[in-house]
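Heads up, the thing below is written out as structure tokens.
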Amino acid sequence: MPGFPGRAQIDEHEHQAHHQRADGHHLAHDDDLVKILVFEDIRRQDNHDGRGGHTHEKCEVGYIKTPADNIGHVGDGQALGAEFELRQSMGFISESLQALRINVNLTYNSSSIQMSETEYESRVDNARVGEEIEEYRTMAGMAPYLVNAGLYYTGGQEGFSQRLEGGFYYNVQGSTLAYVGVADRPDIYTEPFQSLNFNASIKLGERQKAVLGIKVENILNEDIELVYKSYNATDQYFERRSPGILTKLKLSYSF
């Protein structure tokens, strides 16, 4: 990540209530499952002795730093999340679809953390016309929502289908505070990146010791974007990258 003079940075210490899942290979053989509305309420409060301790073992201290100095500890924080997860075989439609599975995971996050006195005063001093500054802001790195979904085939019981596995995997997260602004520098957010990937593999040979795999990443050809966000202002790019569509082929052999 490129630096920016005078721009505050957040260490990887502000708690994230939920981890993003990977492409979902580990879900391929899970039993059918429906999980609804799992709440997580996390609170953190700095000790008054200035050491930046915490009252919950999962939660850590967040620091706001500039290249010149540490401008203070953040204050109390709270995160609340809700999750819905579905894993289901398509066998209920037809017996021939037993090996075709779907996975959907939806997560909602709400977070707030009290700004340090220095950060708060900086925001007040640089507020735009009509902008009201609250004492709390969203935690850095906490996405407001996460969506993960997959449609995959786990292999049949016999013949050619027994050798084949593959699927499509999709994930996206909402606009997320990545870097906290300081003085007249606005906050920087990562914009939603809709990731759609395809993975497939087939076992070759009589003994099936050779495996040919293919992976296609970023099928939707999305761009990675970080933008400055400010009150009543048009978003401006901080960083924009076009990773393009990437295709990988892999051939492996087990002795």
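The values are calculated or read from the model by the stated rules, or taken from the named source; none is laboratory data. Here the structure is a predicted model, which is why all the values come from computation and not from measurement. Backbone-built Cβ (ideal geometry, glycine too); neighbour counts: all protein chains shown.
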Conditions (1) touching a residue at least 12 places away in the same chain (Cβ under 8 Å); (2) over 25 Å from Gln236 (Cα atoms); (3) not hydrophobic (A, V, I, L, M, F, W, C): number failed by Ser122
(2)
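Do any strands (runs of 3 or more DSSP E) entirely within segment 193-255 hold 1 or more residues that are polar (S, T, N, Q) and at pLDDT 95 or above, and if so, which?
Values: elements: 195-204, 210-217, 224-229, 236-241, 246-253.
Qualifying strands (runs of 3 or more DSSP E): 195-204, 246-253.
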Being charged (D, E, K, R) and buried (at least 18 other Cβ atoms within 10 Å of the Cβ) is the filter; apply it to segment 75-104 and report the residue that is farthest from Gln157 (Cα to Cα).
Glu83
Among the strands (runs of 3 or more DSSP E) lying completely within segment 105-182, list those that include at least 3 residues that are touching a strand residue (DSSP E or B) at 6+ places or on another chain (Cβ under 6 Å), within 30 Å of Lys209 (Cβ to Cβ) and at pLDDT 90 or above.
145-153, 164-173
